[in-house]
Amino acid sequence: MTAESIVDLDRYPITDLASPLGRRVVAEGRAALAGDGLALLPGFIRAGALKEMAAEAQALVPQAHRRDEWYGIYAYDPDEAEIAHLPPEDARRRRFRTRMAGIGYDRLPQASPTRALYEWPALTRFIAALTAEPQLYTCADPLASCVISVLEPGGMHAWHYDQNEFVVSLLLQSAERGGAFEYAPNIRSEEDENYEGVARMLDGDAALKKTGAIMPGCLALFRGRRSLHRVTEVEGSRPRLIALFSYDRKPGMMFRPEVHLRALGRTLAA
């Protein structure tokens, strides 16, 4: 299966971004990212290709690395001694459970349609156009450049912020129930962590939270550095499968060994 046959080019002409439709798709995506940080491209993948990509990912689920852990929503995860003076309801003291699994890039066969899509230069140029980046590159990391995230029944991805500028994902298979993407758009800024507002959101303030309408075959771009987000618990017998594509402003980008170990349970040395 060629990359050109995977994407619905009639709807998303990513090989001709200078065309009127191509310019409109890019403009709408940029506007969405500038708004609440989430750009959705429903029906990006053709139905036949999506079926094959989902079946491939499902077959690899037994090889996924599983983790079950509790952590806070902040990347630095402060020591208890540093926050002991804060009330228990403070956002910095809260811990949430994550149960998920990951399938490494090296597990995808060379003929994988998911691999073909990620490695397609036209897609990289399209992502650069949407994010207004002069140039982007696929990562060189053989383990984590493209990871399939797996949420099996009972799995969830807890509230967190991203450390990178943006995340590109492609939902391959939804759960029977649950597995919703929830986010609080721009709830913090570079100048203000807004701990009080975050606490209100965590306590259920519906006005601060949105749900992304992400369906299988939808390409999603999300700026999660300032928007708290999670995936709710998966229910039923079918796992939620989503491909995560990584890009960088410079060629040759590699992830740190600790990232490999946490997400995939192994390192390049192993």
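Descriptive notes on the structure:
- Selection within region 223-270 - touching a His at 6+ places or on another chain (Cβ under 8 Å) and of a type in the set (A, V, I, L, M): LEU228, VAL231, ALA263, LEU264, LEU268
- Filtered residue count, region 230-259, keeping only those that are over 18 Å from ASP162 (Cβ atoms) and of a type outside the set (Gly, Ala, Ser): 11
- Some residue of region 52-68 being farther than 27 Å from LEU219 by Cβ and out of contact with any helix residue (DSSP H, G or I) (no Cβ under 9 Å at 6 or more places or on another chain): yes
- Test: residue in region 172-179 that is basic (Lys, Arg) and at pLDDT below 95: no
- Qualifying residue in region 65-81 (condition: under 30 Å from ASN194 (Cβ atoms) and part of a helix (DSSP H, G or I)): yes
- Yes/no for ILE45 being modelled with pLDDT of 95 or more, surrounded by 13 or more Cβ atoms within 10 Å (Cβ to Cβ), over 30 Å from ALA269 (Cα atoms) and β-branched (Val, Ile, Thr): yes
- For region 237-261, residues that are β-branched (Val, Ile, Thr), outside any strand (DSSP E or B) and surrounded by 22 or more Cβ atoms within 10 Å (Cβ to Cβ) total 0.
- Cβ pairs under 7 Å, 6+ apart, first in region 222-239 and farther than 20 Å from ALA101 by Cβ, second small (Gly, Ala, Ser) and not in a loop (DSSP other than H, G, I, E, B): SER227/ALA184; LEU228/ALA184
- Residue match in region 71-93 (condition: surrounded by fewer than 17 Cβ atoms within 10 Å (Cβ to Cβ), touching a strand residue (DSSP E or B) at 6+ places or on another chain (Cβ under 8 Å), in contact (Cβ under 8 Å) with a residue 40 or more places away in the chain and not aliphatic (A, V, I, L, M)): yes
- Looking only at region 222-270, and only at residues there that are hydroxyl-bearing (Ser, Thr, Tyr) and farther than 29 Å from LEU208 by Cα, the one that is modelled with the highest pLDDT: TYR247
- Scanning region 1-29 for residues that are part of a loop (DSSP other than H, G, I, E, B), polar (S, T, N, Q) and surrounded by fewer than 16 Cβ atoms within 10 Å (Cβ to Cβ) returns THR2, SER19.
- A residue that is part of a loop (DSSP other than H, G, I, E, B), of a type outside the set (Asp, Glu) and farther than 21 Å from ARG67 by Cβ occurs nowhere in region 154-163.
- Unmet criterion (only one of (1) surrounded by fewer than 18 Cβ atoms within 10 Å (Cβ to Cβ); (2) part of a loop (DSSP other than H, G, I, E, B)) for ASP141: (1)
- Scanning region 1-31 for residues that are without any contact (Cβ under 8 Å) to a residue 40 or more places away in the chain and hydrophobic (A, V, I, L, M, F, W, C) yields LEU9, ALA18, LEU21, VAL25, ALA27, ALA31.
The values are calculated or read from the model by the stated rules, or taken from the named source; none is laboratory data. As the structure is a prediction and not an experimental result, all values here were calculated from the model. Cβ coordinates were reconstructed from backbone atoms using ideal geometry, including for glycine residues, and neighbour counts include every protein chain displayed.
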